[in-house]
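Student: Please see the structure below; I have some questions.
The values are calculated or read from the model by the stated rules, or taken from the named source; none is laboratory data. Quick caveat: nothing in here was measured; it's all calculated off a predicted structure. In this analysis, Cβ positions are derived from the backbone assuming ideal geometry, glycine residues included, and neighbour counts consider all displayed protein chains. Note: areas computed on protein heavy atoms with side chains; ligands, DNA, RNA excluded. Shrake-Rupley method; radii C 1.70, N 1.55, O 1.52, S 1.80 Å.
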Amino acid sequence: MKFIIHIISVFLMATVLASCTDNEAMRQRLSYVSQCNRADTVFTEAWLPTVDSLVSYFDHHGNANEKMMAHYLKGRVHHDMGESPIALECYQKATEMADTARRDCDLYTLYAIYGQMALLFDYQYLPDDEMKALEISEKIAWKDKDTLAAITAYRLKTRVYYLRNDTDSMLYVTNKSFNLYRKCGEKAIAAQILIIPISVCLNRGQYKDAWKYMQVYEKESGFYDSNDKAISGKELYYYYKGMYLLSQNQPENAILLFQKALSGGFLEAGYKGLLSAYEQKRNPDSIVKYARLYANGNDSTFMHVNQERVHQVSALYDFSHQQRMAEENKLKATYLRLYILLFILLATTIIAICAYFVNKARTKSMLRINELLSNRKELQTMLDEKRAQIAAFSAEKEGLHRYHVIPVKTH
């Protein structure tokens with residue numbers, strides 16, 4: 001029996017050592033993918049086997065933070081692949097894995113997940129869902145004492161109010177965020193978000209307020225230099241400044257800015273600005289020209305946005321098929337784990353049975369040997385007794401010969 005226990009102990013020890021090695025390797029892989037995500041890596045389909053293996057492993061061997069991170073990273077891969085429904089499902093699963101009651105809960109990752117969910121909801125024109133995600137993200141960020149992340153989550157509510165066409169709320173949230181950023185010493189970020197109230201005030205005809213915001217934007221945002229030039233990618237500001245100049249009856253200066261917006265790739269805004277400028281100048285030829293270009297630019301923008309929506313709707317339709325495939329793969333993985341478990345159990349049973357019979361045969365052999373030794377001892381005793389009897393008989397016979405008188409014959 002001791003032999004069986006020894007075999008099982010060795011087997012279990014080898015299993016534990018192998019498990020420890022796998023555990024460390026998987027943790028390093030999880031950390032690597034997490035670092036790639038923080039480095040803004042654009043994930044492709046090639047990453048799917050890696051994140052699938054992480055989810056499969058840590059769902060059974062990881063703690064709450066590791067499970068959450070594995071599902072989050074899988075969601076990030078599908079997010080970058082344009083598969084929004086699957087990404088959302090992964091994000092939701094990740095939030096379910098979080099254990100906020102524990103002191104070591106990874107709050108940073110948790111509010112990042114809700115931020116990603118809010119972004120997907122924004123893409124899909126789901127303002128109510130986006131608002132809920134942003135509120136949760138903000139709450140968790142405050143709990144984690146990450147002030148900048150909390151303010152940013154709050155500030156992003158302007159996206160929701162934009163979808164709802166609620167400009168009053170957009171102004172309120174932006175102004176409050178502006179003050180909060182400045183209290184934290186983030187003047188540049190505070191100034192950068194003023195593009196929203198600039199746009200709202202220009203549309204409302206509140207040109208003095210727009211000019212005040214523009215002054216701060218140009219001086220503190222870092223997006224506009226002293227040479228009256230916007231940095232690459234921020235040329236849309238030329239449109240807003242051009243519209244302000246139009247309100248001040250400076251169409252020629254405004255036209256120059258609208259042309260800069262066109263050069264920066266903002267066709268719809270540039271053509272709209274030029275149309276407005278030539279309408280102010282009452283130039284019918286240019287009005288006709290830029291009305292047509294503005295319409296074409298508007299159609300182009302609409303087609304681009306519409307194609308994105310079609311893609312997302314297509315992804316929603318494809319989701320049921322993808323979900324079925326995922327369930328099938330999950331079932332296959334379950335069967336594979338079951339087969340492995342049965343194999344280990346069967347192997348352990350066979351080893352135990354073999355050990356039992358080996359031990360039984362060994363015990364039987366020992367009993368036989370002991371029996372033979374006992375018989376040998378008995379035979380030796382009998383042999384010694386016979387030898388003693390023979391020796392006694394020989395001695396007695398020798399004594400009779402020694403004392404027997406042989407008669408002498410006379411002649």
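Student: Each label point is 7 Å from the Cα along the Cα-to-Cβ direction; what then is the distance between the points at Ala395 and Glu186, in nm?
Tutor: 11.6
Student: Going by average Cβ neighbours within 10 Å, how do the peptides 253-262, 386-395 rank, with the highest at the top? The partial results should precede the final answer.
Tutor: On the way: 253-262: 20.9, 386-395: 9.9.
Taking the mean over residues of other Cβ atoms within 10 Å, the ranking is 253-262, 386-395.
Student: Given the C-alpha centroids of the range 48-92 and the range 155-217, what is the distance between them in whole angstrom?
Tutor: One Cα centre to the other: 36 Å.
Student: Let me ask another. Please report, as a whole percent, how much of the solvent-accessible surface of the range 111-263 comes from carbon and sulfur atoms (probe radius 1.4 Å). List each step's numbers first, then the result.
Tutor: Numbers: 3840 of 7730 Å².
C and S fraction of accessible area: 50 percent.
Student: Residue-wise, which Karplus ³J(HN,Hα) couplings in Hz belong to the range 175-186, taking 6.51 cos²θ - 1.76 cosθ + 1.60, θ = phi - 60°, and x for glycine or proline?
Tutor: Couplings: 5, 5, 5, 4, 5, 5, 4, 5, 5, 7, x, 9 Hz.
Student: Further question: Report the charge-dipole magnitude of the range 150-254 in Debye, nearest 20, computed about the Cα centre from +1 at each Lys and Arg Cβ and -1 at each Asp and Glu Cβ.
Tutor: Here the size comes out at about 420 debye.
Student: Something else: Taking all protein chains in place and a 1.4 Å probe, what share, in percent, of the accessible surface of the range 362-402 do carbon and sulfur account for? Don't skip to the end; give the middle numbers.
Tutor: Details: 2410 of 4040 Å².
Carbon-and-sulfur percentage of accessible area, whole number: 60.
Student: Say each of Gln92 and Thr41 gets a label point 7 Å from the Cα, pointing the same way as Cα to Cβ; how far apart are those two points in nm?
Tutor: Output for this residue pair reads 2.8 nm.
Student: Same structure again: Leaving ligands and nucleic acids out of the surface, order Trp211, Trp47, Trp142 by accessible area at 1.4 Å, largest first. If you can, show how the numbers build up before the last one.
Tutor: On the way: Trp211 90, Trp47 50, Trp142 115 Å².
Descending accessible area places them as Trp142, Trp211, Trp47.
Student: Moving on to the next point. Need the full-extension length gain, Arg27 to Lys145, defined as separation in residues times 0.36 nm minus the C-alpha distance. One decimal, nm. Intermediate values should be presented prior to the final figure.
Tutor: Details: separation 118, 0.36 × 118 = 42.48 nm, distance 2.69 nm.
Extra length from Arg27 to Lys145 when fully extended: 39.8 nm.
Student: With every protein chain left in place, what is the accessible area per residue of the range 227-292 in square angstrom, probe 1.4 Å? Can you show the working numbers first?
Tutor: Values: 3550 Å² over 66 residues.
Roughly 54 Å² per residue, with all protein chains present.
Student: Let me ask another. Quick check for you: with a 1.4 Å probe and neighbouring chains kept, what is the accessible area per residue of the range 78-197, in Å²?
Tutor: On the way: 5870 Å² over 120 residues.
Result: 49 Å² of accessible area for each residue.
Student: Calculate, in nm to one decimal, what Asp384 and Arg204 gain on full extension: separation in residues at 0.36 nm each, minus their alpha carbon distance. It would help to have the intermediate numbers written out before the result.
Tutor: Working: separation 180, 0.36 × 180 = 64.80 nm, distance 12.99 nm.
Between Asp384 and Arg204, full extension yields an extra 51.8 nm.
Student: In whole Å, what are the extents of the range 197-273 along the principal axes defined by its C-alpha atoms, from largest to smallest?
Tutor: Projected onto the principal axes, the Cα atoms of the range 197-273 cover 28, 26, 19 Å.
Student: Can you pull the Kirkwood radius for the range 128-175, inverse mean 1/r over Cα pairs, to one decimal in Å? Can you show the working numbers first?
Tutor: Numbers: mean 1/r = 0.0929 Å⁻¹.
By the Kirkwood definition, the hydrodynamic radius is 10.8 Å.
Student: Follow-up. What ranking do 347-354, 191-198, 72-79 get when scored by the average of other Cβ atoms within 10 Å per residue, highest first?
Tutor: Numbers: 347-354: 12.4, 191-198: 21.4, 72-79: 24.5.
Order by mean packing, descending: 72-79, 191-198, 347-354.
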